[in-house]
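First up is the structure itself, then whatever we jot down about it.
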Amino acid sequence: MQKAIVLAAGASSRFWPLASMHHKVFYKVGEGKTILEYTVSGLLQNAEEIELVVGPVDEERAKKLFEDESRVKIHVLPSPTGEGNAVLAGLPEGYLGQFFVTGGDKIFAGKLLEKLSVEKEAIAVRKTDDAKNFGITELDSEGNIISIEEKPENPKSDIKITSAYLLDSEILGLLKKNTSEHYSLEISLNEYFKDRKVKGVSVDDVPDTQLKFPWDLIDLNKKLMEEEKVEFVHPSAKVSEKAKLKPPYYIGENALVGDFALVRDCAFIDSNVVVGAHSEVKNSLLYEGVTIHRAYVGDSVIDSVSKVGGGAILANKRYDRGIVKSMMKDGKVETGKKTLGAIIGMGASIGVNASIMPGVKVGNKSIVWPGKVQVEDVQDAETSK
């Protein structure tokens with residue numbers, strides 16, 4: 001395969017309060033690499049060149065990340081105007097031949113490309129129990145794709161497309177024609193299927209990943225840690241002899257884990273993080289410079305330089321053990337999880353003895369007052385007393 005295009009220029013609008021300073025694929029997971037690095041490294045085993053499309057805010061970050069990899073070329077999409085325009089930004093004018101397209105969050109993209117490469121043109125598909133929330137496709141008797149319908153009210157099948165496409169440059173003319181449409185890729189594909197045979201290739205045997213909501217970051221990290229059996233402590237980190245580490249776990253550069261602390265079950269502790277004495281961190285991600293003291297953090301994400309005071313609890317289960325819900329723009333949505341804690345943005349402060357209820361999001365540079373029981377989201381730079 002000559003070219004693989006990796007798309008990482010979307011708005012990440014559903015990821016609040018995370019991804020306020022960079023695209024969501026620049027978060028570190030697993031063994032301490034960014035999600036994007038996992039995606040690209042897998043593809044480099046099967047593709048000659050990677051065309052990486054990012055937004056302006058991430059241009060320098062991407063260049064630094066791949067400065068030693070000459071096969072990765074950086075392209076900038078000025079604004080998030082849809083996948084079709086991102087594809088066009090990643091290919092030189094007049095390009096001819098096959099190309100592979102995927103999202104930056106597809107950490108197993110190398111495996112997806114392997115499966116699709118047996119066909120001339122193909123799209124990765126999976127079975128789903130939630131057809132109304134995905135792009136759903138119909139296949140003919142030979143396994144060719146008939147059409148794609150985004151989030152249909154009355155789904156015609158239980159087969160969803162996944163963001164992995166092996167296509168021919170013949171589609172580029174359609175993408176150019178439909179540049180004004182936000183869903184230009186899907187619109188162009190439906191036109192394309194009328195004249196071309198594009199196989200729907202099942203990838204149910206490849207681990208599924210998505211990064212649509214902030215809690216998806218927890219799942220993605222867990223998949224990687226469990227697959228790679230991560231048990232890493234950076235040489236510069238300090239872990240008390242009285243602390244307990246239960247794998248998988250990652251403890252980064254200059255991190256500190258204090259006396260009687262418990263770090264367990266896919267906990268990701270980034271560089272310069274302080275896990276104070278008697279704290280517990282379970283299946284959570286604590287990013288650069290976070291500090292917690294005598295606190296419980298379960299199934300949560302805490303973005304950089306946030307502080308969690310002594311005695312604070314980030315609860316991860318409803319009292320009735322039901323599915324955790326979280327507020328989005330259109331109202332509360334079911335997360336599909338019975339175990340989910342808090343999502344805390346950059347530079348937030350959680351006061352001593354505060355309790356954050358399951359699924360609650362705390363905005364960037366916001367404050368939760370000491371002793372507060374927080375049952376609703378806290379907006380950016382807001383104080384909740």
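The values are calculated or read from the model by the stated rules, or taken from the named source; none is laboratory data. The shown structure was predicted, so the numbers you read here are calculated from the model rather than taken from an experiment. Positions of Cβ are generated from backbone atoms using ideal geometry, with glycine treated the same way; all protein chains shown enter the neighbour counts.
Miscellaneous remarks
- If you go through the stretch 328-375 and pick out every residue that is surrounded by fewer than 23 Cβ atoms within 10 Å (Cβ to Cβ) and either over 23 Å from S13 (Cα atoms) or touching a strand residue (DSSP E or B) at 6+ places or on another chain (Cβ under 7 Å) (or both), you end up with 20.
- A11 among the hydrophobic types (A, V, I, L, M, F, W, C), within 13 Å of the chain's Cα centre (by Cα) and surrounded by fewer than 22 Cβ atoms within 10 Å (Cβ to Cβ): yes
- Residues considered: K120, K106. Of these, the only one that is part of a loop (DSSP other than H, G, I, E, B), over 19 Å from the mean Cα position of the chain (by Cα) and of a type in the set (D, E, K, R) is K120.
- Residue within the stretch 361-374 that is assigned to a loop (DSSP other than H, G, I, E, B) and of a type in the set (V, I, T) present: no
- Residue match in the stretch 327-340 (condition: out of contact with any Cys (no Cβ under 8 Å at 6 or more places or on another chain), closer than 26 Å to H278 by Cβ and of a type in the set (D, E)): no
- Applying a threshold of 7 Å to beta carbon distances and a minimum spacing of six or more residues, or different chains, the list of pairs starting in the stretch 73-102 at a residue that is over 12 Å from L175 (Cα atoms) and without any contact (Cβ under 8 Å) to a residue 60 or more places away in the chain and ending at one that is outside any strand (DSSP E or B) and aliphatic (A, V, I, L, M) reads I74/A62; H75/A89.
- Of the strands (runs of 3 or more DSSP E) lying entirely inside the stretch 235-344, those containing at least 2 residues that are assigned by TED's automatic domain parsing to the domain that holds S366 and out of contact with any Phe, Trp or Tyr (no Cβ under 6 Å at 6 or more places or on another chain) are 244-246, 249-251, 262-264, 280-282, 296-298, 325-328, 331-334.
- Of the residues making up the stretch 134-164, those that are assigned to a loop (DSSP other than H, G, I, E, B) and under 22 Å from S117 (Cα atoms) are D140, S141, E142, G143.
- Residue check for V40: hydrophobic (A, V, I, L, M, F, W, C), out of contact with any helix residue (DSSP H, G or I) (no Cβ under 7 Å at 6 or more places or on another chain), closer than 22 Å to Y287 by Cβ and surrounded by fewer than 23 Cβ atoms within 10 Å (Cβ to Cβ): no
- Output for the stretch 9-28, where each listed residue is of a type in the set (A, V, I, L, M, F, W, C) and part of a loop (DSSP other than H, G, I, E, B): A9, A11, W16, L18, A19, M21
- Of residues in the stretch 166-182 being buried (at least 16 other Cβ atoms within 10 Å of the Cβ) and not in a helix (DSSP H, G or I), the one modelled with the lowest pLDDT: E181
- Being in contact with a strand residue (DSSP E or B) (Cβ under 7 Å, 6 or more places away or on another chain), under 27 Å from G173 (Cβ atoms) and in a loop (DSSP other than H, G, I, E, B) is a description that does not apply to A4.
- Residues in the stretch 34-74 that are closer than 20 Å to L166 by Cα and of a type outside the set (A, V, I, L, M, F, W, C): Y38, T39, S41, G42, Q45, N46, E48, E49, E51, R71, K73.
- Here E31 does not qualify as among the acidic types (D, E) and part of a helix (DSSP H, G or I).
- Looking across the stretch 60-87, the residues that are in a helix (DSSP H, G or I) and surrounded by 15 or more Cβ atoms within 10 Å (Cβ to Cβ) come down to R61, A62, L65, E83, G84, N85, A86, V87.
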